[in-house]
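See structure below.
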Amino acid sequence: MKEKRPDFRDIKSFEEFNKYYWYREELSQICKSLGLEYRCTKRELNYIIEQYFRGNKVGKFLSMSKGNKNQSEVITLETPLLKCGFSFNPKFRDYFLAVTGISPFKFSADMATAWRKVKRDKDTKFTIQDMIKIYYGESDYAKYDSSACQWNQFLKDFCLDEFSDCYSNKLKVAAILWKEVRNSINAKVYSRELLKKYEYKVEEYCK
């Protein structure tokens, strides 16, 4: 005997929701009743409902210029980034604000990393929906490497320490100390204790 499909209001998770078959019109009515975007494809409606269960609100899709004066199209979740003139500009910021309902909307470092990968690999299959998954941390397509920022901060903090004035080549000394913390499980930050601990490794650079 088949399990009877419950009313949507009685469903507690997307996993439970996904067990049952839903017609596009049903999905559209569900989204409309929730105050969400409802005029889109069945795949997009499913995604909107999935985000609803995850606590993320997907707003309305916007019509945007494609870049060509003689062409325009409605950008939806399924639109590939390479085919819609995507860039990190106010126009697309407003679009993502409308889709996510998050204001003010700010592009993340992971999104920037993903966009660079899309352009480098000429990935025509990567869509707006994929970028939203990056924003919500639901995709490991690309991750921002924060090590460069950590190193820059480490170097800055080292140079601000008056003890660093004892060395003729601050950059070299900082690099030696950074290597020690980079390859350890310790916090990737500079401290005077770190300098004292590895003083024997940098003593040749003393003035």
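The values are calculated or read from the model by the stated rules, or taken from the named source; none is laboratory data. In this text, all values refer to a predicted model and were calculated from it rather than measured experimentally. Cβ: placed from backbone, ideal geometry, glycine included. Neighbour counts: every protein chain shown. Quick note on the areas: whole protein, heavy atoms, side chains included, nothing else; ligands and nucleic acids left out. Shrake-Rupley method; radii C 1.70, N 1.55, O 1.52, S 1.80 Å.
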Kindly sort 47, 52 by accessible area of their heavy atoms, largest first, with the probe set to 1.4 Å. 52, 47
Using the heavy atoms of the protein chains and a 1.4 angstrom probe, tell me the accessible area per residue for the chain in square angstrom. 62 Å²
With the calculation restricted to Cα positions, what are the radius of gyration and Dmax of region 142-195 in angstrom? 11.4, 41
Accessible area of residue 79 in the full protein assembly, 1.4 Å probe (Å², nearest 10): 10 Å²
Accessible surface of residue 40 in the full protein assembly, 1.4 angstrom probe, to the nearest 10 Å²? 10 Å²
Extension gain from residue 105 to residue 175, taking 0.36 nm per residue of separation minus the Cα-Cα distance: 21.5 nm
What is the spin-label model distance, in nm, from residue 83 to residue 53 if the labels are put 7 Å beyond Cα along the C-beta direction? 2.9 nm
Using a Förster distance of 35 Å, the FRET efficiency for residue 139-residue 191 (Cβ separation, nearest 0.05): 0.50
For Rg/Rh (Cα atoms, Kirkwood Rh), several values are listed as (i) 1.05; (ii) 0.94; (iii) 1.19; flag the one computed from this structure. (iii)
What FRET efficiency, computed as 1/(1 + (r/R0)^6) with R0 = 22 Å and r the Cβ-Cβ distance, is obtained for residue 162 and residue 184, rounded to the nearest 0.05? 0.30
Quick calc, residue 153 & residue 121: beta-carbon distance into FRET formula, R0 25 Å, rounding 0.05, result 0.25
Which residues' amide hydrogens lie under 5 Å from the amide hydrogen of residue 127, considering only partners 5 or more residues apart or on another chain, with H built in the peptide plane? 81
Taking region 107-182, which trypsin sites (Lys or Arg not before Pro) meet the DSSP loop condition and have no more than 16 other C-beta atoms within 10 Å? 122, 125, 143
